[in-house]
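Report on the following structure.
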Amino acid sequence: MKIVKESQGGQGTAVTGEDLVLINALSRKELKAEEVYTFSVRLCDNEVDRDLERFAPRTLEELAPLFVGKSGIFDHQWSARGQAARIYKAEVIQEPEKLTRAGDGYCWLKGYAYMVRTDSTKDLIAEIEGGIKKEVSVGCAVERAVCSICGADLNRAACGHKKGERYDGQLCYASLEGADDAYEFSFVAVPAQPAAGVVKGAGRVYADLKTLAAEHPGCARELEKLEEEARLGRTYLTELRQEVVRLGLLAGMGLDCETLTGMTDKLSREELLAMKRAYGGRAEERYPLKPQLEYGEKATLDSEKDRAFLI
Ligand SMILES: [Zn+2]
């Protein structure tokens, strides 16, 4: 059973002699400390995720050696063709003081990755060092998904317990058990916008962006800027919707204001623009504005011409 999960990208780490031995065990040619860049990645953890699944702590322990030697590729947003980071070490980090949704002590699988420093990886390394937010999409195979309440193998039979509900205070979720294999993974650049990625990445530790911002002044400034941008975006969309409704009425499609408003409320910016063009075209056929405009333009041009003689 193949599992794909997303997690946070990591931070730069210093290369120790011990690291170098592990790296050289994987690399084709002998590398020196200054030739490699290393950073850590949060591969996966035992938190119950959006799909109401979690890796059992033991599964994380089993996955650790399976990830060693696996490559992580960077998505197209990093404009990095053929660039990859390789995991040379992985270990489970225990943070028992922090509890998961299921009430267990938190633990996570930390991967240590390296990249060879070259001209083509220079920019990418600078971005990682600059702390550009990113997610890691991790793929692995586990033997079974088990009901946290009764232990039934959910791939074989439904047990009647519903994921997300509580039974005697115990959260029901699917526990992923028995690591079979780990696959290559990918780094996904997260745009600096309030996209799901940012929230999810931060969501592992913080409940929401506001809580995160309260503790980190840098994040607070970013959040403020994003909120301002979001406000502008909402104003633009509201105006665009109103314009589409107006043109829709002029186009005489037999739709009333209420229906049109209801329709536009559900549409994205692209869809609204397409509708604006379509309705605009129809409206113009019914109420031609062009001749007047042309006349208007001509009139100004004429007066401009006249002005040449006004000395
Ligand atoms: Zn069950």
Item to check | Burial order of peptide ranges 52-61, 154-163 (average beta-carbon count within 10 Å, highest first) | outcome: 52-61, 154-163
Checklist entry - Could you give the length gained on full extension between Glu229 and Leu267, defined as 0.36 nm per residue of separation minus the Cα-Cα distance, in nm? => result 11.7 nm
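The numbers here are math on the coordinates, done by the rules we state, and not lab data. Please read all numbers here as calculations on a predicted model, not as lab measurements. Note that we place each Cβ from the backbone using ideal geometry, even for glycine, and neighbour counts take in every protein chain shown.
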